[in-house]
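See structure below.
The values are calculated or read from the model by the stated rules, or taken from the named source; none is laboratory data. What you are looking at is a predicted structure, and each value in this text was computed from that prediction instead of being measured. Quick reminder, even Gly has a Cβ in these numbers, built from the backbone with ideal geometry, and neighbours come from all protein chains shown.
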Amino acid sequence: MKATILHGKEQIKIQEMAPRPLQPGEVRIDIQAALTCGTDLKIFKRGYHAKMIAPPAGFGHELAGVISEVNAPRNLPDGLRNWRVGDRVVVANSAPCGTCFYCRQGQENLCDDLLFLNGAYAESIVVPARVVEKNLLRLKPETDFRDAALIEPLACVVQGVEDLKLRAGQRVLVIGSGPIGLMFVALAKHSGCVVAVAGRGENRLEAARRLGASQVVDIAEQPDLVKAVATALNSVFDVVIEAVGKPESWEAAVQLARKGGVVNFFGGCPSGTVVSLDTARIHYSGLTLLASFHHTPRTVRRALELIEAGVIQAGDFVDGECPLSRLPELFQSMAAGNRAVKTLIRVHE
């Protein structure tokens, strides 16, 4: 089979790989849809991810497809035996251990032993038994594979929305117009909030409008984010969501929340980053600061419910296609500033 292998910083290669035999409880998925992701771009630029992947390794983590092989001996639990060749499925990119302190507290996203799954940019992928048990989900017959492949980033956004406890009528500012920011727009609008977006890229900002943002501001040429938003939007916000992952936008988020407001530092900054926060503003304005990370089996399932209800659709996020053979060139263009929201990778050319 053809598969994309990460070899290091800005080094990915399409290689012919021999499919490995399945271990008990594992399944093999014939991939029908794989999508690009901002996290994959960060990994491409850095050559690794401290938590997710170390080269050489399969690359990509957003996928959906059809089970083509199952290894389920009779002595396995039902959760590992209820799969059949031909099942249409989607799989998340990780699974918690279920036994550590954080799993026992219902915080599986913080699991001490998250098992990550990479290798979506390939013709097929082997799903480990733990991921099969925790985060392999069956699709309805009518669910499009492209829609289903959005489940992983959407599950992370669901986690963020639930952490924020969004309520109808709240004024929400999303900083960032990438796929994550746009998903926050869609879910905040679905929750009945009034949504504004500060971001970059004409096509992304237009997508934000389609998804329900009542106000947008292009901050591409604005040196002062706080001033640009305050001037263009002339509003204060109950909730500010930072979906960029830059220190300056973390700091700006605190300045843009109203008294008693909530800030979610959702975007992960580079390792070792330090930010300066206005302690007087945080204290005397009674701000709540939180950070949401990753997803849980419950938010993965909630994400699929939203996809199958039509709240989130690939047509709003996937704005390009690319054959697997051109993936290295695509990531080079993304690193150079390609503003596509998401690209569908045709793994079977």
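To keep it simple, each residue is scored yes or no on (1) polar (S, T, N, Q); (2) surrounded by 18 or more Cβ atoms within 10 Å (Cβ to Cβ).
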residue	(1), (2)
38	no, yes
55	no, no
68	yes, no
73	no, no
81	no, no
89	no, yes
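Just wondering, is there one or more residues in the stretch 267-284 that are within 29 Å of residue 312 (Cβ to Cβ), aromatic (Phe, Trp, Tyr) and modelled with pLDDT of 95 or more?
Within the stretch 267-284, none of the residues are within 29 Å of residue 312 (Cβ to Cβ), aromatic (Phe, Trp, Tyr) and modelled with pLDDT of 95 or more.
So which residues in the stretch 65-108 are assigned to a loop (DSSP other than H, G, I, E, B) and among the β-branched types (Val, Ile, Thr), if there are any at all?
Matches in the stretch 65-108: 85, 99.
Please count how many residues of the stretch 4-21 are surrounded by fewer than 23 Cβ atoms within 10 Å (Cβ to Cβ) and either within 22 Å of the chain's Cα centre (by Cα) or outside any loop (DSSP other than H, G, I, E, B) (or both).
10
Could you list all residues from the stretch 246-288 that are within 20 Å of residue 188 (Cα to Cα), in a helix (DSSP H, G or I) and free of Cβ contacts under 8 Å to residues at least 60 places away in the same chain?
Answer for the stretch 246-288, where residues must be within 20 Å of residue 188 (Cα to Cα), in a helix (DSSP H, G or I) and free of Cβ contacts under 8 Å to residues at least 60 places away in the same chain: 250, 254.
Would you pick out the residues in the stretch 26-45 that are without any contact (Cβ under 8 Å) to a residue 40 or more places away in the chain and more than 19 Å from residue 115 (Cα to Cα)?
42
What is the residue count in the stretch 138-192 for residues that are surrounded by 24 or more Cβ atoms within 10 Å (Cβ to Cβ) and of a type in the set (Ser, Thr, Tyr)?
Going through the stretch 138-192 one residue at a time, the tally reaches 1.
Considering only the stretch 164-240, give the strands (runs of 3 or more DSSP E) lying wholly within it that have at least 3 residues that are free of Cβ contacts under 8 Å to residues at least 40 places away in the same chain.
Values: elements: 171-175, 194-199, 215-218.
Where strands (runs of 3 or more DSSP E) fall fully within the stretch 164-240 and carry at least 3 residues being free of Cβ contacts under 8 Å to residues at least 40 places away in the same chain, they are 194-199, 215-218.
Can you tell me how many residues within the stretch 317-337 are over 14 Å from residue 149 (Cα atoms), in contact with a Leu (Cβ under 8 Å, 6 or more places away or on another chain) and either buried (at least 18 other Cβ atoms within 10 Å of the Cβ) or of a type in the set (A, V, I, L, M, F, W, C) (or both)?
Number satisfying all stated conditions: 4.
Can you confirm whether the stretch 297-304 contains a residue that is in contact with an Asp or Glu (Cβ under 9 Å, 6 or more places away or on another chain), over 17 Å from residue 149 (Cβ atoms) and at pLDDT 95 or above?
Of the residues in the stretch 297-304, the ones in contact with an Asp or Glu (Cβ under 9 Å, 6 or more places away or on another chain) are 297-300, 302-303.
If we keep only those that are over 17 Å from residue 149 (Cβ atoms) too, we end up with 297-298.
Filter again for at pLDDT 95 or above, leaving 297-298.
Yes, the stretch 297-304 contains a residue that is in contact with an Asp or Glu (Cβ under 9 Å, 6 or more places away or on another chain), over 17 Å from residue 149 (Cβ atoms) and at pLDDT 95 or above.
Which of the following residues is surrounded by 17 or more Cβ atoms within 10 Å (Cβ to Cβ) and more than 16 Å from the chain's Cα centre (by Cα): 257, 303, 314, 280?
Being surrounded by 17 or more Cβ atoms within 10 Å (Cβ to Cβ) and more than 16 Å from the chain's Cα centre (by Cα) holds for just one of 257, 303, 314, 280, which is 257.
Could you check, for the stretch 144-156, whether at least one of its residues is more than 19 Å from the chain's Cα centre (by Cα), closer than 27 Å to residue 211 by Cα and modelled with pLDDT of 95 or more?
No, that holds for no residue.
Just give me the residues in the stretch 22-51 being closer than 12 Å to residue 120 by Cβ and either among the aromatic types (Phe, Trp, Tyr) or in a loop (DSSP other than H, G, I, E, B) (or both), in sequence order.
Listed by number, the residues that qualify are 36, 37.
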